[in-house]
Amino acid sequence: MFRRLFLTRQLPTLRWMRPYCEANGAPPTEAEQQLVGILKERFPTASYVEVTDISGGCGAMYEVLIEADSFQGKRKVAQHKMVTEALKEQIKDMHGLRITTKVPDVS
């Protein structure tokens, strides 16, 4: 009985974010800037790179959004592996990393 109730119960979705993000006018943290710099160096033709500390500001978890033509023809797993390889030293100190990759639209 308990199991059935637990499985059907709706839980609220929570999203942890840094209290002051760039969208609110606060500049990126030093750690965010460092990660962006590493990614821009590794993917010099990237059209978009964004790194956000989603751990509340303590640097334990980051969200990475990157759009680069280097991902063309590669599966998502390979794209994410390219990002984790670029950040392999920094990942050692992280609790988690959320990665979103995209290939630029060809227009």
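Every number here is computed from the coordinates shown, using simple stated rules; none is lab data. The structure displayed is predicted, hence computed values, not measured ones. Neighbour counts are summed over all protein chains in view; Cβ atoms, including those assigned to glycine, are modelled from backbone coordinates with ideal geometry.
Data for the structure
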quantity	calculated
Positive-end extreme of charge dipole, region 16-102 - chosen from ALA60, PRO27, GLY73 (charges on Cβ)	GLY73
Share, in percent, of DSSP beta bridges within region 16-102 that are antiparallel, nearest 5	45
Computed over region 16-102: relative contact order in percent, which uses C-alpha pairs under 8 Å that are six or more apart	29
Within region 16-102: Cβ-based charge dipole about Cα centre, in debye rounded to nearest 20 (Lys, Arg +1; Asp, Glu -1)	460
Local electrostatic count at LYS81 - Lys and Arg +1, Asp and Glu -1, tallied over other residues with Cβ under 13 Å	+4
Region 29-107 shape via C-alpha gyration tensor axes, a/c threshold 1.5	prolate
